[in-house]
Amino acid sequence: LASSWARSTGGRALALRYHNVYGPGMPQNTPYAGVASLFRSALERGEAPRVFEDGRQRRDFVHVADVASANLAALEHTADAPAALFRAFNVGSGVVHSIGDMAGALSRAADGPDPVTTGEYRLGDVRHITASSERLRTELGWMPAVTFADGMRAFATAPLRAAVRR
């Protein structure tokens, strides 16, 4: 839709595909915010994070501050971009970690219980979800600034917000 709009109006549109975003202010106890929210909520209750399957599912976790800077880079890019431009970009850290890595890092940083690998699974979950952010780096000059280790340490005790009930 954005591509069609840009072509037909001479406008400019960039699509940002965010990978596993985490950071302060995430909603509590909701699978819709991703596994980071579930692990962090469990730790806040004093419970061990429950890791599904074998914990080796691969993801690219990206801090919300890096997502914000990617948004700014995209906005700045559109100011000088040629007319009728549409371009899609993946927004990730560029470093792959497992779900188990995240659970362990959060547990250690929060001085919480060790994660429990349950072997459970959810129908429809994808085993590995990673993508390259190279286009964003080369075309927009964007670079993530928050490392996985630093991000997990900060997120382990960052405030969460109550999930919206509908």
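Read-outs: derived from the displayed coordinates by stated rules, not from any lab. No experiment lies behind these values; they were computed from the predicted model shown. Every residue, glycine among them, receives a Cβ derived from its backbone with ideal geometry; neighbour counts consider all protein chains shown.
The table that follows gives values for the structure above.
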| quantity | calculated |
| --- | --- |
| FRET efficiency for S132 and S3, using Cβ-Cβ distance with R0 set to 25 Å, rounded to 0.05 | 0.80 |
| Helical segments meeting 18 Å axial Cα length and Kyte-Doolittle 1.0 threshold in the chain (DSSP H) | none |
| Of all DSSP beta bridges in the chain, antiparallel share, percent nearest 5 | 10 percent |
